[in-house]
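The values are calculated or read from the model by the stated rules, or taken from the named source; none is laboratory data. The model shown is predicted, which means the values in this text are computed figures rather than measured ones. Here Cβ is always computed from backbone atoms with ideal geometry, including for glycine, and neighbour counts include all displayed protein chains. For the accessible areas, the whole protein counts, side chains as well, though only heavy atoms, and no ligand, DNA or RNA atoms are used. Shrake-Rupley method; radii C 1.70, N 1.55, O 1.52, S 1.80 Å.
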Amino acid sequence: MGPEALSQPQLGSTQLHSLLLEPEVVSHWHRCCASQRNLVSSDLALESNPSDHPRASTIFLSKSQTDVREKRKSNHINHVSPGQLTKKYSSCSTIFIDDSTVSQPNLRSTIKCVTLAIYYHIKNRDSDRTLDIFDEKSHPLTREEVPDDYYKHDPDHKHIYRFVRTLFSAAQLTAECAIVTLVYLERLLTYAEIDICPSNWKRIVLGAILLASKVWDDQAVWNVDYCQILKDITVEDMNEMERHFLELLQFNINVPASVYAKYYFDLRSLADDNNLSFLLEPLSKERAQKLEAISRLCEDKYKDLSKAAMRRSFSADNLVGIRRSNAILS
């Protein structure tokens, strides 16, 4: 121990204890702990939000599981026969595939699945929290008088499907836009802490479609165009609803590819659980050749990327004989 260390005053246990109990020290310690807790809770909230985090389960799939389990239990107790099997299975001579992929979903099937997800959101909602901007009584979409008990009756799946299909057909929107619509809808419910219910579902869905069409499609539909589809709504109302929607989303309109893919495959799971199968057709020679060409194109692309990565990582000039096994695409 050097002379400088010997000359420094030493703190005893009593002095150290009194220092730790100083109000400034205790207050600073509490602020640090609270800040750390807030950071942890923010990270947990982000990871639990399915519209932002790819590992979080989608809300619509969770809400649908209760009905799926009850239906299966009822069929088992009542010995209900599944009836004639309508699902087609591949054989040695025939392969059945649908025309829906994650990059090019089938429009009709995707809209059916998205509207079914909205149906389960409404049916199995936790409460009726809402905002005035989305209330149909305060901001009607038509000139027809809204009934006094409009908030009591849940819409069925067909009603929701007709409403969404009309908008997509008139505006010529894509299936990818429908998936992004569902992402924005669940993000709104999570960020704004509201519920989609009979009094607000049309305006929430309309706002999500409006925003998704502008973000996703190259040729966006203007607000005035939606006024041509919904004859009785004004441009000012559409602009105000869009502005509120963006503010409630905290202007977070980013949809990562991993989140988009998760919603697509969860929608397919929802379709399987509800016997809403995608249309299957026998694999034709022309379709097989097209799929083979796409696979070959992707394979060549990944080969080029792999070679470029290898060139960047190799540092020895005489490193030869690299062997790689061929990938099997199924």
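Looking at region 244-265, is at least one residue among the acidic types (Asp, Glu) and closer than 27 Å to LYS112 by Cβ?
No, region 244-265 has no match at all.
Condition first: open to solvent by 10 Å² or more (accessible area, probe 1.4 Å) and either free of Cβ contacts under 8 Å to residues at least 40 places away in the same chain or assigned to a helix (DSSP H, G or I) (or both). Now tell me which residues in region 187-200 satisfy that.
Within region 187-200, LEU189, THR190, TYR191, ALA192 meet the criteria.
Are any residues in region 166-182 in contact with a Phe, Trp or Tyr (Cβ under 6 Å, 6 or more places away or on another chain) and among the β-branched types (Val, Ile, Thr), and if so, which ones?
Of everything in region 166-182, those that are in contact with a Phe, Trp or Tyr (Cβ under 6 Å, 6 or more places away or on another chain) and among the β-branched types (Val, Ile, Thr) turn out to be ILE179, VAL180.
For ASP218, only one of the following conditions fails: (1) touching a residue at least 60 places away in the same chain (Cβ under 8 Å); (2) open to solvent by 50 Å² or more (accessible area, probe 1.4 Å); (3) more than 18 Å from SER109 (Cα to Cα). What is its number?
Only one criterion in (1) touching a residue at least 60 places away in the same chain (Cβ under 8 Å); (2) open to solvent by 50 Å² or more (accessible area, probe 1.4 Å); (3) more than 18 Å from SER109 (Cα to Cα) is unmet by ASP218, namely (1).
Being exposed (fewer than 14 other Cβ atoms within 10 Å of the Cβ) and more than 14 Å from THR110 (Cα to Cα) is the filter here; which residues of region 253-274 pass it?
Of everything in region 253-274, those that are exposed (fewer than 14 other Cβ atoms within 10 Å of the Cβ) and more than 14 Å from THR110 (Cα to Cα) turn out to be ASN254, PRO256, ALA257, SER258.
Among what's in region 281-290 and is surrounded by fewer than 14 Cβ atoms within 10 Å (Cβ to Cβ) and of a type outside the set (S, T, N, Q), pick the residue that is farthest from THR110 (Cα to Cα).
LYS285
Residue check: is PHE278 within 30 Å of SER57 (Cα to Cα), open to solvent by 70 Å² or more (accessible area, probe 1.4 Å) and either part of a loop (DSSP other than H, G, I, E, B) or modelled with pLDDT of 75 or more (or both)?
Taking the combined requirement at face value, the residue does not satisfy it.
Considering only region 147-158, how many residues are in a helix (DSSP H, G or I) and surrounded by 14 or more Cβ atoms within 10 Å (Cβ to Cβ)?
1
Output the residues belonging to region 109-156 that are of a type in the set (Gly, Ala, Ser) and under 16 Å from LEU189 (Cβ atoms).
Across region 109-156, the qualifying residues are ALA117, SER127.
Do we have any residue at all in region 205-216 that's out of contact with any Cys (no Cβ under 6 Å at 6 or more places or on another chain) and either of a type in the set (Phe, Trp, Tyr) or not in a helix (DSSP H, G or I) (or both)?
No, every residue in region 205-216 fails to be out of contact with any Cys (no Cβ under 6 Å at 6 or more places or on another chain) and either of a type in the set (Phe, Trp, Tyr) or not in a helix (DSSP H, G or I) (or both).
Restricting to region 232-274, what's the tally of residues that are free of Cβ contacts under 8 Å to residues at least 60 places away in the same chain and of a type outside the set (A, V, I, L, M, F, W, C)?
Final tally of qualifying residues: 9.
Is it the case, given these coordinates, that ARG243 is basic (Lys, Arg), outside any loop (DSSP other than H, G, I, E, B) and at pLDDT below 95?
For ARG243, the condition - basic (Lys, Arg), outside any loop (DSSP other than H, G, I, E, B) and at pLDDT below 95 - is not met.
Yes/no per residue for (1) modelled with pLDDT of 95 or more; (2) assigned to a helix (DSSP H, G or I); (3) crowded, with 16+ Cβ neighbours inside 10 Å; (4) out of contact with any Phe, Trp or Tyr (no Cβ under 6 Å at 6 or more places or on another chain):
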residue: TYR120; (1), (2), (3), (4): yes, yes, yes, no
residue: LYS137; (1), (2), (3), (4): no, no, no, yes
residue: PRO140; (1), (2), (3), (4): no, no, yes, yes
residue: GLU145; (1), (2), (3), (4): no, no, no, yes
residue: PHE163; (1), (2), (3), (4): yes, yes, yes, yes
